[in-house]
Every structure is written in structure tokens, then in C-alpha cells.
Amino acid sequence: MQIYLPIAEMSVNAFLLLGLGGVIGFLSGLFGVGGGFLMTPMLIFVGVPPVVAVATQANNIIASSVSGVFAHWRRGNVDFKMGWVLLAGGFAGSTVGVGLFSLLRGLGQIDLVINLSYVVFLGTIGALMLVEGTRAMMRRRRKAAPRKLHQHSWMHGLPLKTRFRKSRLYISALVPLGIGFGVGVLSAIMGVGGGFVLIPAMIYMLGMPTAVVIGTSLFQIIFVAANVTFLQAAQNQTVDVVLAMMLLIGSVAGAQVGTRVGSRLQGDWLRLLLGILVVIVCVKLFVDLFTPPVDIYSLGGSL
Amino acid sequence: MSRPDGAQHETPRLKRASMSLCAVFLAAVFVSALLYRVPLARANTLVADLSEHLIAITTGFSGANVLLFGATEDVGDIVVIVRGPRDPVLMRRKSRVAGIWINTASMAIDNVPGFYALATSKPLEEITSESVRRRHQMGVENLPIAPPTAKASPNIGAQWKNGLIRARQRSGLFQREVGHVSFLGRRLFRTRVSLPANVPTGSYLVQVFHLQNGRVVSSQTTPLFVSKVGVEAEIFDFAHNRSALYGVIAILVALVAGWLGHVVFRKG
């Protein structure tokens, strides 16, 4: 069954979109990532213009994240205090990031920067998670004592110490604020919610428990994605509601299933699986950088 | 039509001026018609029309087929060109920098048709000469879409043009295959124009040429409109005219959908 997308100006198989939304929603619920880093390449692969893909998946991420947040909230896995602090940093960061995006686009190298930052960040994070996940599982197999929640470092010497009860942390508010800012910049440039950067940062830099990390990350992503959706719709008219609706029907359902499966899996397993997924996407993008293009001439989109 | 010589002999008296001008003009037309029969004959040798003039893009749109049919007075060959609305495009060229493929050059090209399809009754090379094909822009290679010589030498310009043609062919908007115009008997002809699902909206021109011995003896141009209708058109207009409100609604729809999903699955 074909369906015509009014903003993307093309027709796509409706079941393909439902299925795509379902898979991304499942991953979103399972890992707490928005899924943008998978959704955007997939939509472009299907033939949706990149600008429409980036803007529309932001809208879709709102839906799957809301659905996921409710599920996590009921289990008491959302640290709202931490979420608000991250969000404050995120808003400032995404504003700076949008400026940077325009600058790079003017230079004509935005595609390259997007690809390179995907490769660098996905590669680093994926490798880190794989190593850490494998090590943690080896430890459990040997029935060793549980590791410390986090190590103390220079970050704990910063002022504005705040207690985050849910996360069982007593750290400087500047750290999550800075992380939120950095992720905000990245998400504006890479056109994603930023979950796949935020989650490892929360686990490894802040030392938050994995269960709380996912709910809190989803909470923050809702607002970042809403901000992106609004800006894209208002400035570029690139949000396709028909496409978003098709994707979110699938992703809302998928997110619920994902959350259920996620609650049965152990945190280490989750990290390992997410690590594998991230590495696969990274390798694909890395290879693409070096693969000769189909044609060295291409249509550059709008002027 | 040649300008009648008599028109230069204008009488000073205004009242009679227009009348005498008319008379002279008509006489000139008559004379020229006697001398060259072609111009008058031209208007009559070809009649063609489309099965529909408006392609409506609705929710289920997955491309469209339009039937073009017509008749000629004499035997000959038919060439049909369908051309979409013209727009400027931005082309990019990649080259290898330290092993990575990077866009290193860009070129703006004006007046590129958003769609181009060709249908002929015989292979184009058998119908007419290259100069006629170029004059009437028969075939994508004859479209005047090379960048201006101020920006690129003819050699480089041709590479940009070919790159543009290939890119448009990949998206299906410049059709690779030449369609077939079939004759029913000696004078009735028909062909099918197929528009893919990603056709740009706007006004199209369908040109029908009637050729004899390699010369265009008559031609006709018919408009074709592609536009969004119904819900599709309303969404598009809403997104463009009230974009801020559209953004807010898109967010609200997503929020409600997410919440609904949660409620439905909690009970289920």
C-alpha cells in the first residue's frame, strides 16, 4: 500500500514505514536512545530527502520518548532533577549548535562534518561500551565483588555540589550542565536527539545507575526533539506530519515492547547490545566515507 | 509570418489609418499564403490532446499515466516531449581528499526542467538530423542546461551537464527510455506518458512535433498540470503558510500519540 508524503513529495510503502518505526521504537524503549542515529540514515536510504528525514524523525522521537518515559516513570526510573539540569545545558548547547550548523552549511561541508562526527562519536562510544560490557560480564562470571559505582576524579572537586537522590549521586551541578551542553551542540549538528552520546556520558562520566539513566535520558530527549521539531517546522517547513504519523504508530508500539524486554535484561547486557549496534552503524558510515560514490556529481538540494 | 511591407505606408489621417492598415495586412497575409503554403498548412496537419490535463496528487498517489492521442493529415513521424517546471538546481562534485570522498566543487545551474520524457514513432536518429534535434531540444542531451561559459569552460560545463542528467535519471525524473508513439492506421497516433511518484508539482508542457523528411512541418503544445489536492494540499499549504503553528501541532500530535501508546499498552 503506497502512501504519498506531502512535504517529502514522494510516495512510500506504508508498511515499510510502520515496520521501520516499530524497529526504531523497540530500540528506543530498550536502550533509551531516541533512535535518530538509525532512523535518519534509514529514511534517506528509502529516498526521503535528508532535510525532511532529519526534521521529521525529531518529531517522531518525541512520541516514542514520551511513550517510553511513562513506562520508566511508573517504575520510578526517571531522575527529574538530573533531567532538568541536563536540559538547561541542552537548550544552551543546541542554540550554539544551530549557529555552528549554519556556519558549516555556508562552507558547504556540513555533510562531511555530520559523517565524520558520527564515525568519531559512534566509534568511541561503541568501543567503550563493548569493552566495558564484556569486562563487566567476565567479572560476574567469576563471581567477583560488584564494582564501585564510580571513581572520584577532578570533576568532583567542582563547586555547586548538589544531591541527586534518584541517581544516588552527590556531585557538582556543573558536570551534568556541561554534558547537556555538549550533547546539545552535537544533537544540533548531527540532527539526532543525542541519546546515544548522553547515555554513555551519564553512565561513565556521572556514574549514574543504568536503570535511571534510560528514563532520564528519554525525559531530556523529549524536550530537545520538541525544540528541533519546532525550529525545523518554523524555519524550513521540512516536518512531514504524514511521515511522522506513520513512523510514530510503529514506534509507539515498538517502544512499549522494547521497554518490557529491557526490564527483563540486565544492565550489562543492555550496554553490550547497544555497544554492538553502535559499532555496526559506525563501521557502515566509516566504510561509506572511503567508498567511491555512485557518481561524483550529485544534486545538492536546495540553493 | 513575414511583416507586410504595406504596413510602412501609413496615412496621416488617423480615422482611415487603422482600416487601411487592416486591408494591407490581410492582403499581405493572402499573398504570403499563396507564396508559402506551409504556414497555413502547419496549423492543420496535427491535432493532439491528452486524456487528462490535471494530475491530482492524493494520499494514494503512486505515479500516473496520461494518454496522448492525436491525428495528422499526412504520413510522417511524431516526436513527443514532456517537460516539467523549470527550476535552478545546485550541483556538487566530489573528489578524493586523503582517501575520503568530499564535495569539493559546486555549480548552480538555471532553468533545469523538473521532468523530461521523450516519445517517438521511430528511433530519433532515423527521424531527423542532429541540428533539428538540438533546435527543438529533442533528447536530454539537447537540453540547454550546461552552466554558463563565464563559470565553466565548455569542456567542464559538459561534464557538469552530464552529471546533472545522470543524477536526474537516477531519480527517474529524466526518463532513460524513449517512449514509443504508435500509429493506428496511417494518421492516428497515441502514446502513454508515465509520471513517477516523485514528480514535482507545477505546470508541464507537452510538445508534439510532426516531422516529414526530417523537417518539422507542424507542432502543438498542450499544458499539463500536476498539483496536490485534498488533504495533501492542505497539509502542504498549512506547513508553508502557518509554519510555527504547524510545528506546535506536530509536537502536540506526537505527545498525544506517545501518551496514547502508553495507555493502550498498559491495559493490554
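Scanning chain A for trypsin sites (Lys or Arg not before Pro) in DSSP loops with at most 16 neighbouring Cβ atoms within 10 Å leaves A:169-303 as the longest stretch between them.
Please report how many Lys pairs in the protein assembly as shown have alpha carbons closer than 17 angstrom, counting only residues at least 8 apart along the chain or sitting on separate chains. It would help to have the intermediate numbers written out before the result.
Details: A:LYS81/A:LYS161; A:LYS81/A:LYS166; B:LYS94/B:LYS161; B:LYS151/B:LYS161.
Value for the protein assembly as shown: 4.
P(r) tail for chain A, what percent of Cα pairs lie past 31 Å?
On the way: 12265 of 45753 pairs.
Here the long-distance tail beyond 31 Å is 27 percent of all Cα pairs in chain A.
For a quick check, take a GNM of chain A with Cα springs below 10 Å and name the residue from A:GLN57, A:GLN232, A:GLN220 with the largest mean-square fluctuation. Result: A:GLN232 has the largest fluctuation of those listed.
Neighbouring Cβ atoms from other chains, within 10 Å of the Cβ of residues in B:90-101, number 5 on average. Adding -39500 (n - 2.57) for every DSSP H run of four residues or longer, then dividing by how many residues chain A holds, sets the calculated 222 nm ellipticity at -24500 deg cm²/dmol.
Just tell me how shielded A:62-72 is by partners: mean number of partner chain Cβ atoms within 10 Å of each residue's Cβ, no decimals.
On the way: counts 8, 10, 4, 3, 9, 11, 3, 3, 7, 4, 0.
The mean count of partner-chain Cβ atoms within 10 Å per residue comes to 6.
Centroid-to-centroid, using Cα positions, the stretch A:46-76 and the stretch B:156-193 are 41 Å apart. Extension gain, B:LEU184-B:ASN111: 0.36 nm per intervening residue step, less the Cα-Cα distance, totals 22.7 nm. Extents of the stretch B:46-234, taken as max minus min of Cα coordinates on every principal axis and listed largest first, are 63, 47, 26 Å.
Express the relative contact order of the stretch B:46-234 as a whole percentage, based on alpha carbon pairs under 8 Å and six or more residues apart in sequence.
Working: 375 pairs, mean separation 66.5, N = 189.
Computed over the stretch B:46-234, the figure is 35 percent.
Across q = 0.18, 0.20 Å⁻¹, the stretch A:189-258 modelled as identical point scatterers on its alpha-carbon atoms has Debye log10 I(q)/I(0) values of -0.85, -0.97, in the order of the q list.
With all pairs of different C-alpha atoms in the average, the Kirkwood value for the hydrodynamic radius of the protein assembly as shown is 27.6 Å.
In terms of packing, defined here as the mean over residues of other Cβ atoms within 10 angstrom, the peptides B:210-219, B:99-108 line up highest first as B:210-219, B:99-108. Can you figure out the FRET efficiency of A:LEU103 with A:ALA127, using R₀ = 30 Å and their beta-carbon distance, to the nearest 0.05? With a Förster radius of 30 Å, E is 0.50. For peptide B:157-167, the mean count of partner chain Cβ atoms within 10 Å of a residue's Cβ comes to 2. Sorted ascending by nearby beta carbons within 10 Å, beginning with the fewest, A:VAL261, A:VAL98 become A:VAL261, A:VAL98.
Taking the Kirkwood radius as the inverse of the mean 1/r across Cα pairs, report the Rg/Rh of the stretch A:53-134. Working shown, then result.
Values: Rg = 16.5 Å, Rh = 15.8 Å.
Ratio of gyration radius to Kirkwood radius: 1.05.
With the simple model of a label 7 Å out from the Cα in the direction of the Cβ, A:MET1 to B:SER129 spans 5.8 nm.
Read-outs throughout are calculated quantities, based only on the coordinates presented, and are distinct from any laboratory measurement. Since we're looking at a predicted model, the values are computed, not measured. Here the Cβ is made from the backbone with ideal geometry for all residues, glycine too, and neighbour counts use every protein chain on show.
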